Every structure is written in C-alpha cells, then in structure tokens.
Amino acid sequence: MNWDQVEGKWKQINGSVKERWGKLTDDDLDVIAGKQNQLAGKLQERYGITKEQAEREIEEWRTAQRDEIRRKDETRRIA
C-alpha cells in the first residue's frame, strides 16, 4: 500500500493506526488526516522518539498493511 492509498483510506484504517500506536487520540487522528508527516510528528510528540524512528515505524506499519491486503486478496482468489 503506497501512501496515497493510506491517505485515501484513512477513515477505514484508523483502527489499525490506533492498534499500533495506542497513545494517539481520536483528535490526533483527525489532525493527521492521512498525512504521513503529520503522523510522524504526532508519533514524535506522543512517544518521544526521533523523526527517523517515527519514519521507520510508519514504514514498518505501512509494509504490514500492504502484506495484509495481499494475504486477503490471495485468500479471496483461492476461495
């Protein structure tokens, strides 16, 4: 999943974001609104991490989301 897809599906994936980063509030998620730099900034603020660490965590999460979508697509094709 590329970041344009994340941004376009932000409302649908809020649950995944909250599951991964539980310190983010609903208000934070509204402010972030799918913007990668906003997410990185909020992660820095809430977790006291560097910008680089926030970006690494976001990339790991995005990759996991992409892999999950692929697994679901594969399962649908098999079924």
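Readers should treat all values here as calculations from the given coordinates under stated rules, not as data from a laboratory. Remember, predicted model here, so these are calculated numbers, not experimental data. Backbone-built Cβ (ideal geometry, glycine too); neighbour counts: all protein chains shown.
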> Out of curiosity, is Gly41 in a loop (DSSP other than H, G, I, E, B) and within 15 Å of Ile58 (Cα to Cα)?
Replying inline: no
>> Looking at region 25-38 only, could you name the residues that are among the β-branched types (Val, Ile, Thr) and surrounded by 15 or more Cβ atoms within 10 Å (Cβ to Cβ)?
In response: Ile32
> So, of the residues in region 47-69 that are among the hydroxyl-bearing types (Ser, Thr, Tyr) and in a helix (DSSP H, G or I), which turns out to be surrounded by the most Cβ atoms within 10 Å (Cβ to Cβ)?
Replying inline: Tyr47
>> Restricting to region 34-79, name every residue that is β-branched (Val, Ile, Thr) and within 18 Å of Gln5 (Cβ to Cβ).
In response: Ile58, Thr63, Ile69
>> Being in a loop (DSSP other than H, G, I, E, B) and basic (Lys, Arg) is true for just one of Lys18, Lys23, Lys72. Which residue is that?
In response: Lys23
>> I'm told Gly41 meets every condition in (1) without any contact (Cβ under 8 Å) to a residue 60 or more places away in the chain; (2) surrounded by fewer than 15 Cβ atoms within 10 Å (Cβ to Cβ) except one. Can you identify the failing condition by its number?
In response: (2)
